[in-house]
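The values are calculated or read from the model by the stated rules, or taken from the named source; none is laboratory data. The shown structure was predicted, so the numbers you read here are calculated from the model rather than taken from an experiment. Neighbour counts are summed over all protein chains in view; Cβ atoms, including those assigned to glycine, are modelled from backbone coordinates with ideal geometry. All accessible areas refer to the heavy atoms of the entire protein, side chains included, with ligands and DNA or RNA removed. Shrake-Rupley method; radii C 1.70, N 1.55, O 1.52, S 1.80 Å.
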Amino acid sequence: MHSIIVEDNPIQPTKVLCVGRNYLDHIAELNNAVPEQMVVFNKPSTAITNQLTAYHQERLHYEGEICFVVNNGQLSAVGIGLDLTKRELQATLKQQGLPWERAKAFDGSAVFSRFISLQGLTIDELEIELFINCVRVQRGGVKQMIYPPQVIVDELKSYTTLCDGDVIMTGTPKGVGEVQAGDIFLGRLIHAGKTLIEIEWLAS
């Protein structure tokens, strides 16, 4: 049910670990403060899906992200994810100093492509592109991250157990916005200029 595909094998993560505010251009886009330490939140396994929806109690916003699967405590595979967000609810919760989970961790809020092995890939050369209805809305890569993937792994391991199959979402570059029903999303994972994964989602 709430599984991901890694090299053609279905895997059931125990959790999805997410990093917020990891690209300076996205921080500026949402008028957020640059964090003094890593912003981390979790999504439960029930958030995992391969279907993109535009609505869940309120309009949803997309955030395209480079995502990794963990095996033996290390990054083992990479793919594309959409972190779906209830932006209005998130803003209300932030104003009140409350946790974001209700705006971030709902069912269907973690949309993933398939994942491919990192073997032979250089993590620093990974980039994501996201198009909506043939218009590019996001592009960003590991080189622009405040906290690169290995730093994220080390920080997460300092306080929680990374189980085999868990997914790490590494944050989104600028260009986030609202999902409209009927939109065609095209995500690309690029390594050193070459497309490794291309996936299309139709927003319902």
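From the set of residues in the stretch 68-118 that are more than 15 Å from the chain's Cα centre (by Cα) and of a type in the set (Lys, Arg), which is most open to solvent (accessible area, probe 1.4 Å)?
The extreme case among them is Arg102.
When you go through (1) touching a strand residue (DSSP E or B) at 6+ places or on another chain (Cβ under 7 Å); (2) open to solvent by less than 80 Å² (accessible area, probe 1.4 Å) one by one for Ala181, which number turns out not to apply?
(1)
Are any residues in the stretch 1-26 among the small types (Gly, Ala, Ser) and either buried (at least 21 other Cβ atoms within 10 Å of the Cβ) or part of a strand (DSSP E or B) (or both), and if so, which ones?
Of all residues in the stretch 1-26, those among the small types (Gly, Ala, Ser) come to 3, 20.
Of everything in the stretch 1-26, just one residue is among the small types (Gly, Ala, Ser) and either buried (at least 21 other Cβ atoms within 10 Å of the Cβ) or part of a strand (DSSP E or B) (or both), namely Gly20.
Which one is most open to solvent (accessible area, probe 1.4 Å), of the residues in the stretch 57-67 that are assigned to a strand (DSSP E or B) and under 21 Å from Ala181 (Cα atoms)?
Residues of the stretch 57-67 that are assigned to a strand (DSSP E or B), as a first pass: 59, 61-62, 64-67.
Still in the list and also under 21 Å from Ala181 (Cα atoms): 59, 61-62, 64-65.
On the way: Arg59: 86, His61: 41, Tyr62: 11, Gly64: 2, Glu65: 4 Å².
Checking each candidate, the answer is Arg59.
So, in the stretch 124-154, exactly how many residues are open to solvent by 50 Å² or more (accessible area, probe 1.4 Å) and β-branched (Val, Ile, Thr)?
The total comes to 3.
Does any residue in the stretch 120-136 that is over 26 Å from Glu178 (Cβ atoms) and touching a residue at least 60 places away in the same chain (Cβ under 8 Å) come within less than 7 Å, Cβ to Cβ, of a residue that is of a type in the set (Gly, Ala, Ser) and open to solvent by less than 50 Å² (accessible area, probe 1.4 Å) six or more places away or on a different chain, and which pairs are these?
Short answer, once both residue conditions are applied: Leu126/Gly141.
Check off (1) part of a loop (DSSP other than H, G, I, E, B); (2) open to solvent by 50 Å² or more (accessible area, probe 1.4 Å) for Thr53 and give me the number that stays unchecked.
It fails just one condition, (2).
Can you report the number of residues in the stretch 27-48 which are farther than 16 Å from Thr14 by Cβ and open to solvent by less than 40 Å² (accessible area, probe 1.4 Å)?
5
Take Arg188 and tell me if it is open to solvent by 70 Å² or more (accessible area, probe 1.4 Å) and at pLDDT 95 or above. Lay out the reasoning, then the answer.
On the way: open to solvent by 70 Å² or more (accessible area, probe 1.4 Å): no; at pLDDT 95 or above: yes.
No; evaluated as a whole, the condition is false for this residue.
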